[in-house]
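Participant: Dropping a structure here in structure tokens format, bear with me for questions.
The values are calculated or read from the model by the stated rules, or taken from the named source; none is laboratory data. What you see is a predicted model, and the numbers here were worked out from it, not measured in a lab. All Cβ positions, even for glycine, are placed from backbone atoms using ideal geometry, and neighbour counts span all protein chains on display. Only protein heavy atoms, including side chains, enter the accessible area calculation; ligands, DNA and RNA are left aside. Shrake-Rupley method; radii C 1.70, N 1.55, O 1.52, S 1.80 Å.
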Amino acid sequence: VVREYAHAALVVRGSDSEVQSRHALAYTALVAAAQPHLRSSGRGTWLARIAADHDNIRAAMDWALESEDAETALAIVGGMWLYWQTRGPLPEASDRIRQALLLDGGEPMTRASALEAAGGIAYWDGDREGTIAPYAEAVNLLEAKGDSPELARALYNKAFAHIGQEDWRKAKKAIDRSRSISENLGDLHWIGMAQWAMYN
């Protein structure tokens, strides 16, 4: 009731849109801050932080979709997929990502991240066929930006999509390219990941 009253008051004052925009930016920033920690030993703390604000993040996503703010929508889903992978719900994750990717615009790196989210959620939801197209599109976008850790990661993910289809030739090609980029960049993490993938 208090939330509804406050929202109505903002609409009357004509400041509702500005407040929603600031709200979306704040929770997009939270998701971005959480993302690297969701791959680390401190992930439990950040999973809990995201869980506590999940409704606010949903509201930010709703606003971004309704406003056709592609950059914000893509940034949120790109940052949220590791949370969704762990805590779910996967059907909601898949739907949110699909809606964000239907929007026109967004920076190529942000869209690539959302495409990787689409591939990751499809993989964890058992849809191995559905992993290939988004991972391939992410690679294409990142290739245009030149060698980067993001491209090495996207190629690594694409390799696993091909492994799911038992296409070993394409998997090896993607892994070899990922390792080559990582070696050129001196990125020990993705060198190790590529080497692990080649022997597993």
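One line per residue, one yes/no per condition, for (1) open to solvent by 50 Å² or more (accessible area, probe 1.4 Å); (2) hydroxyl-bearing (S, T, Y); (3) in contact with a Phe, Trp or Tyr (Cβ under 8 Å, 6 or more places away or on another chain); (4) closer than 18 Å to M198 by Cβ:
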residue: G126; (1), (2), (3), (4): yes, no, no, no
residue: A138; (1), (2), (3), (4): no, no, no, no
residue: P149; (1), (2), (3), (4): yes, no, yes, no
residue: A154; (1), (2), (3), (4): no, no, yes, yes
residue: Q165; (1), (2), (3), (4): yes, no, no, yes
residue: A171; (1), (2), (3), (4): no, no, yes, yes
residue: D176; (1), (2), (3), (4): no, no, no, yes
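Participant: Given (1) closer than 27 Å to H189 by Cβ; (2) of a type in the set (D, E, K, R); (3) modelled with pLDDT under 90, where does R3 come up short, assuming only one miss?
Facilitator: With (1) closer than 27 Å to H189 by Cβ; (2) of a type in the set (D, E, K, R); (3) modelled with pLDDT under 90 applied to R3, the lone miss is (1).
Participant: Here's a check for you: in the range 73-85, which residue that is open to solvent by less than 10 Å² (accessible area, probe 1.4 Å) and aliphatic (A, V, I, L, M) is farthest from I121 (Cα to Cα)?
Facilitator: That would be A73.
Participant: A70: closer than 21 Å to L115 by Cβ and open to solvent by 30 Å² or more (accessible area, probe 1.4 Å), yes or no?
Facilitator: no
Participant: I would also like to ask the following. Can you go through G88, G120 and tell me which one is open to solvent by less than 20 Å² (accessible area, probe 1.4 Å) and without any contact (Cβ under 8 Å) to a residue 24 or more places away in the chain?
Facilitator: Sole residue among the options that is open to solvent by less than 20 Å² (accessible area, probe 1.4 Å) and without any contact (Cβ under 8 Å) to a residue 24 or more places away in the chain: G88.
Participant: I'm trying to understand the selection: among the residues of the range 58-71, which are under 14 Å from the mean Cα position of the chain (by Cα) and within 16 Å of D95 (Cα to Cα)?
Facilitator: Selection gives M61, A70.
Participant: Name the pairs whose Cβ atoms lie under 7 Å apart, with the first residue in the range 143-171 and within 16 Å of A118 (Cβ to Cβ) and among the acidic types (D, E), the second in a helix (DSSP H, G or I) and open to solvent by less than 20 Å² (accessible area, probe 1.4 Å), and 6 or more positions between them or separate chains?
Facilitator: E150/A112; E150/L142
Participant: Is there any pair linking a residue in the range 22-50 that is within 20 Å of L74 (Cα to Cα) to one that is surrounded by fewer than 19 Cβ atoms within 10 Å (Cβ to Cβ) and among the polar types (S, T, N, Q), with Cβ under 8 Å and at least six apart or on different chains, and which?
Facilitator: Here the result reads H23/N56; Y27/N56; H37/T45; L38/T86; L47/T86, each pair linking the range 22-50 to a residue that is surrounded by fewer than 19 Cβ atoms within 10 Å (Cβ to Cβ) and among the polar types (S, T, N, Q).
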